[in-house]
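Bear in mind that the values in this text are calculations on the coordinates, not laboratory data. All values derive from a computational prediction rather than experimental measurement. Neighbour counts run over all protein chains shown; Cβ positions are idealised from the backbone, glycine included.
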């Protein structure tokens, strides 16, 4: 029988990959920061959290009262193929009934706008996380570390466990912030094509962004036996003359220092604010570079396979050190002004470890103005808070509706 590479194989019936084991239950208290487990990896390449990472979830909108969400808010299963293949079950998302909207209008407190509440909740975590990052950057010679604050838009998914079952669409008053915090969660960044079109044609002119560039990049994710807790990301372009990959940047996977997920109950989409560091390898031997280059050069560009790349039999690894664990093919357009950079990205991903791929449309807003303020010699928290409130207000008004 002819050999088929993993990303060209198709499962039949229920013979897909085994479900990812559920993580152990985590205990939460209202307002408590916690370290996120590394089992949250949900794309090719590991998702890594710093030891001091802060992760938080809360809900805004619909006049929520303390811990209790409105009676018309419930959890419902949603169909997301990529998530179901990994976990073996449908994720849950918050939804609302017409009754929830009516209750909100009668009981809503207009004394504090939602973007003010979000910014004030995020601000202490942002400042403390950035202080930790600044202390860690001191004396780093092997890697160039770049802190980045971004906002992402999508839907927050909750994942149940046998020890914490939820009724479907009938939870009513059972849905509280405390009960939701006992569930594992993830942030699904795939947005509708209509949203991307609206961003491109309407929102970008409204918020005064100008076109910067368009990039067509292949990202090859490598495991490195000398760095078992990290994944190497190789950014590659295509040589037009020879139609082969050319390596131009080698990075370690991002490290997350702060992740705040916000369920926006009276909007179509949710929001994630995330502070991470990107680590660019600056001290790498010629032998290591050559091994990585040889592995990249052996890739075959093939638009018929997920991720856009395949390797000949036996060429998916280099010696006993590097091996390919995933590929991304991204086509992105970037728009910017003095305080932010918006990336609208089409991503075709394939994860070799679970033999599954996904095509997504994503929108990422890099808040470079706030990052610059955080880089100042002394943290002017009042100024940073005002800039953060303005940024969240802009996102609330423009980026959360489909």
Is the stretch 277-340 rounded, prolate or oblate when judged by the Cα gyration tensor, a ≥ b ≥ c being the square roots of its eigenvalues, rounded requiring a/c under 1.5 and prolate requiring a/b larger than b/c? oblate
Separation in nanometres of the label points that stand 7 Å from Cα toward Cβ, at residue 120 and residue 51: 3.5
Put a dot 7 Å past each Cα toward the Cβ at residue 290 and residue 178; how far apart are the dots in nm? 6.3
Over the stretch 270-402, volume per residue of the alpha carbon convex hull, in Å³: 172
Estimated inter-spin distance, residue 81 and residue 320, nm [label 7 Å along Cα→Cβ]: 4.0
Treating the Cα atoms of the stretch 155-296 as identical point scatterers in vacuum, please give the log10 of the normalised Debye intensity I(q)/I(0) at q = 0.11, 0.12 Å⁻¹, two decimals. -0.73, -0.84
When the scattering of the stretch 182-249 is computed by the Debye formula from its Cα atoms alone, each counted once and equally, what is log10 I(q)/I(0) at q = 0.17, 0.22 Å⁻¹? -0.97, -0.99
Shape call for the stretch 310-351, from the Cα gyration tensor axes a ≥ b ≥ c (a/c under 1.5 means rounded, otherwise prolate when a/b beats b/c, else oblate), comes out prolate
From the square roots a ≥ b ≥ c of the eigenvalues of the alpha-carbon gyration tensor of the stretch 240-320, which class results: rounded (a/c under 1.5), prolate (a/b over b/c), or oblate? oblate
Just to verify a number: FRET efficiency for residue 386 and residue 215, C-beta to C-beta distance, R0 = 41 Å, to 0.05? 0.80
